[in-house]
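The next block holds one structure in the form of structure tokens; read it before the comments.
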Amino acid sequence: MSSGKMIEFLKSVESRIPEYLDDKTIWRTRWIKPNRKGVKFKHTFERVYLPFKNFQFFINVMHPVENPEWHLHPRPAAFRVLSGKYKSTFSHYEVEREKREYSSKIIAPGQYYEMINPQLGHFVDVITDYTLSVSVIGEPYAKYNNRFKSLKYSGPPVEFIELSDKRKNEIIDMVISYYNHDK
């Protein structure tokens with residue numbers, strides 16, 4: 001995939017999202033959290049999302065954590081930060097080799113970025129109370145699918161649970177407020 005294509009795709013999806021925000025019942029949720037007491041989770045976030053045929057649209061609320069977990073993106077993705085800031089440190093990953101730091105940058109409100117190289121991973125270090133972002137995630141990279149399955153997650157055990165309807169509605173309302181203010 002060529003550079004900029006996922007960002008352009010996200011922008012086109014964003015232009016239609018306000019029409020989906022009116023019906024909060026169509027949105028799905030996921031909260032990724034630790035499932036053991038005393039574990040300091042390395043990457044915690046809340047997601048509200050809409051699955052489409054060839055992609056998913058996510059609203060992401062990320063919270064600060066100690067020692068963010070480095071991870072690959074097994075699908076092409078584009079992101080836009082709506083509020084808050086985080087530092088994203090990117091690394092190139094080669095099979096059977098160590099990851100190498102590639103670059104770091106602060107991602108601030110209004111900024112877009114994409115992850116379209118299946119060998120590029122990163123970790124996200126939230127530097128404000130939280131960040132609110134939107135993203136589109138495409139179909140898995142077929143060529144690398146087996147490699148992603150072979151990579152073992154080394155963090156603490158996690159649990160994927162649904163958000164409460166109240167919390168889902170709060171997150172959607174934050175996005176409604178953002179897009180209404182952005183007009």
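What is the calculated FRET efficiency for H181 to E66, with r their C-beta to C-beta distance and R₀ = 45 Å, to the nearest 0.05? For R0 = 45 Å, the calculated efficiency reads 0.85. With θ taken as phi - 60° and the Karplus curve 6.51 cos²θ - 1.76 cosθ + 1.60 applied, the whole-hertz 3J(HN,Hα) list for region 54-71 is 10, 6, 10, 10, 10, 9, 10, 10, 10, 10, x, 9, 7, 6, x, 8, 6, 8 Hz, x standing for glycine and proline. Take the Cα of D165, step 7 Å toward its Cβ, do the same at D129, and the gap between the two points is 2.7 nm. Note on exposure: K11, K5 ranked by accessible area (1.4 Å probe, complete protein assembly) read K5, K11, with the most exposed listed first. Beyond 30 Å in Cα-Cα separation lie the following of the pairs K24/K85; K5/K85; K105/K166; K5/K166: K105/K166; K5/K166.
For V124, the residues whose amide H sits under 5 Å from its own are E69, ignoring neighbours fewer than 5 places away on the same chain, with H placed 1.01 Å from N. In this simple spin-label model, placing a label point 7 Å from the Cα along the Cα-to-Cβ direction at both I26 and S104 gives a separation of 4.1 nm.
The values are calculated or read from the model by the stated rules, or taken from the named source; none is laboratory data. In this text, all values refer to a predicted model and were calculated from it rather than measured experimentally. Here Cβ is always computed from backbone atoms with ideal geometry, including for glycine, and neighbour counts include all displayed protein chains. For the accessible areas, the whole protein counts, side chains as well, though only heavy atoms, and no ligand, DNA or RNA atoms are used. Shrake-Rupley method; radii C 1.70, N 1.55, O 1.52, S 1.80 Å.
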